[in-house]
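Structure record follows, encoded as structure tokens.
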2 protein chains.
Amino acid sequence: MDEVDEEWQGLDENVAHIPFFAERYSEAEMIKRSQMFYELLNKRRSVRFLSDEMVPREVIDNVIRTAGTSPSGAHTEPWTFVVVQDQYLKHKIREIVEEEEEINYKKRMGDRWVNDLKRLRTNWIKEYLDTAPYLILIFKQVYGRLPNGKKKTHYYNEISVSIACGILLAALMFDISQLDFLRGFSVLSSTC
Amino acid sequence: MDEVDEEWQGLDENVAHIPFFAERYSEAEMIKRSQMFYELLNKRRSVRFLSDEMVPREVIDNVIRTAGTSPSGAHTEPWTFVVVQDQYLKHKIREIVEEEEEINYKKRMGDRWVNDLKRLRTNWIKEYLDTAPYLILIFKQVYGRLPNGKKKTHYYNEISVSIACGILLAALMFDISQLDFLRGFSVLSSTC
């Protein structure tokens, strides 16, 4: 109590101090867990044909909560996650994404990109956006708003959102097992 | 066998087809796992004081292997992970990072950034870069090299590397329990 920092005390967010405790596994346990987690995540594939099997909404909510624990520049948390379940809306999104992606293939990205993708045998048709039980749209907030209406700078917003996406992917793999969404993610990130 | 795709057959990387099987947990199990994974990752804090306790190198290698399963633009995998354990090298890196970070605080990032960071009570002194048993340096490869020496485009390289960093963070949390490196990461990403 003698070490009260005046500057800190003066700030609006004077929250209670929560002591930090880190548990630690034994060395053998760490090695086992690291091997297991690698094997699990190494099963992920960027598939283009998705199952329409339903997953409890609670799981999707927990996955997004997990992504929201991501670190971010100056702790601005510059992300918005939107879950879409409605069939009509999913189809509308598919139309927008396919339209943008067709432009990518036909002019925006250039011949080299089209050629580099050839071996992956992808195109701009994304049927899986109709099939998937949920679409998780991820938006980066290039800036925020302060209570007084002024712009709030979001430092490293693209890096921060992408790190959150990596955590989201890890959570999907751990919680459910197989899913992937980079295509949808990268497409939307280029159009929003 | 009737559906052989001539175009695909003609490509150099004609690897064997590995059928994809996705295991799926029961709904109750998914909910339980998603809750557990959220609680685990929610324990992560961006601490500035790290333990010097050793962690088996095998764990670090598995963490990096896990990060390397990340999706990337056109599967270019535009990342380089470097593990530094040598005390002298770690200190050299600390000096470089602190020098760059001091410039961030004093001129590069501007008054607003310095002010926004105030409540986090951070500065450019990073003692923990000496303390941590390992530093994992993560570099984005802005482009690669083709066998003929020409430049190979790495699409979305910053997004791809950042997603890999998110997966790396998730693996560190799952395998070891507590660590964080966003500060070091973001500093290095701004200087390389």
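By counting other Cβ atoms within 10 Å of each Cβ, how are A:Met109, B:Met54, A:Met36, A:Met30 ranked from fewest to most?
Working: A:Met109 18, B:Met54 10, A:Met36 13, A:Met30 22.
Going from sparsest to densest Cβ surroundings: B:Met54, A:Met36, A:Met109, A:Met30.
Please go through segment A:85-151 and write out the GluC sites (Glu not before Pro) that DSSP classes as loop and that have at most 13 other C-beta atoms within 10 Å. List each step's numbers first, then the result.
Working: sites: A:Glu95, A:Glu98, A:Glu99, A:Glu100, A:Glu101, A:Glu102, A:Glu127; in loops: A:Glu127.
Hits after loop and neighbour filter: A:Glu127.
Once you have a ≥ b ≥ c as the square roots of the Cα gyration tensor eigenvalues for segment B:18-191, tell me rounded if a/c is under 1.5, and otherwise prolate or oblate according to whether a/b is larger than b/c.
Working: a/c = 1.67, a/b = 1.22, b/c = 1.38.
Oblate shape, in that a/c is at least 1.5 and b/c is the bigger or equal ratio.
Explain nothing, just compute: Karplus ³J(HN,Hα) = 6.51 cos²θ - 1.76 cosθ + 1.60, θ = phi - 60°, for every residue of segment A:162-171 in order, whole Hz, x for Gly and Pro.
Result, ordered by residue: 5, 4, 4, 5, x, 5, 4, 4, 4, 5 Hz.
If you plug each phi of segment B:75-86 into the Karplus form 6.51 cos²θ - 1.76 cosθ + 1.60 with θ = phi - 60°, what whole-Hz ³J(HN,Hα) values come out, in order, with x for Gly and Pro?
For segment B:75-86, the Karplus-derived couplings read 6, 8, 6, x, 10, 10, 9, 10, 9, 10, 10, 5 Hz, x marking Gly and Pro.
Assume the label is 7 Å from Cα along Cα to beta carbon: what separations in nm does A:Val15 have to the matching positions in the other copies?
4.3
Mind listing which trypsin sites (Lys or Arg not before Pro) in segment A:105-165 are in a DSSP loop and have 15 or fewer other Cβ atoms within 10 Å? All intermediate terms of the calculation are to be shown ahead of the outcome.
On the way: sites: A:Lys106, A:Lys107, A:Arg108, A:Arg112, A:Lys118, A:Arg119, A:Arg121, A:Lys126, A:Lys140, A:Arg145, A:Lys150, A:Lys151, A:Lys152; in loops: A:Arg119, A:Arg121, A:Lys126, A:Lys150.
Answer in residue order: A:Arg119, A:Arg121, A:Lys150.
If you place +1 on the Cβ of every Lys and Arg and -1 on the Cβ of every Asp and Glu, how big does the dipole about the Cα centre of segment A:49-191 come out, in debye to the nearest 20? Intermediate results must be reported in sequence, preceding the final value.
Values: 19 positive and 19 negative charges, 142 e Å.
Result for segment A:49-191 is approximately 680 debye, rounded to the nearest 20.
No value in this document is a laboratory result; all are computed from the given coordinates. Small disclaimer: the values here were computed from a predicted structure and weren't measured. For neighbour counting, all protein chains shown are included, and Cβ atoms are generated from backbone atoms with ideal geometry for every residue, glycine included.
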